[in-house]
Amino acid sequence: MEARRQGRKGGRPSAMRPSDVAAARAMMKEGTLPVRDIAKRMGVSVATLYRYAGKRGSGASIKEAATAHG
């Protein structure tokens, strides 16, 4: 409890920041790169990319994705 009062959080850090999710979604909607290459550029797995950005880049809002997985 004391740590939380001091502003500290526990748990694993999010794999993608909201700005990363937005960039990935833009690339996915553009459709010029395979999802595998987008994931590699972002430094995450394909599964993680889909988890944050959704299929075809049309997942939950960036804020929802960041809070649900972070």
Close pairs (6 angstrom Cβ cut-off, 6 or more residues apart or separate chains): farther than 18 Å from ARG56 by Cα in segment 1-29, in a helix (DSSP H, G or I) anywhere:
ALA15/THR48
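Counting only residues that are in a helix (DSSP H, G or I) and either free of Cβ contacts under 8 Å to residues at least 12 places away in the same chain or touching a His at 6+ places or on another chain (Cβ under 9 Å) (or both), how many does segment 42-61 have? Before the answer, list the steps.
Within segment 42-61, the first condition is being in a helix (DSSP H, G or I), and the residues that meet it are 42, 46-53, 55-57.
Then drop every residue that is not either free of Cβ contacts under 8 Å to residues at least 12 places away in the same chain or touching a His at 6+ places or on another chain (Cβ under 9 Å) (or both), which leaves 46-48, 51-52, 55.
Matching residues across segment 42-61 total 6.
Looking at segment 3-18 only, could you name the residues that are open to solvent by less than 100 Å² (accessible area, probe 1.4 Å) and outside any loop (DSSP other than H, G, I, E, B)? Let's see the steps before the verdict.
Let us first name the residues in segment 3-18 that are open to solvent by less than 100 Å² (accessible area, probe 1.4 Å), namely 3, 7, 10-11, 14-16, 18.
Matches in segment 3-18: ALA3, PRO18.
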When segment 19-68 is checked residue by residue, the ones that are over 10 Å from the mean Cα position of the chain (by Cα), modelled with pLDDT of 90 or more, open to solvent by 70 Å² or more (accessible area, probe 1.4 Å) and hydroxyl-bearing (Ser, Thr, Tyr) are THR32
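The values are calculated or read from the model by the stated rules, or taken from the named source; none is laboratory data. Here the structure is a predicted model, which is why all the values come from computation and not from measurement. Cβ atoms come from the backbone with ideal geometry, glycine included; neighbour counts cover every protein chain shown. Ligands, DNA and RNA are stripped out before the accessible areas are found, and what is left, the full protein with its side chains, is counted by its heavy atoms. Shrake-Rupley method; radii C 1.70, N 1.55, O 1.52, S 1.80 Å.
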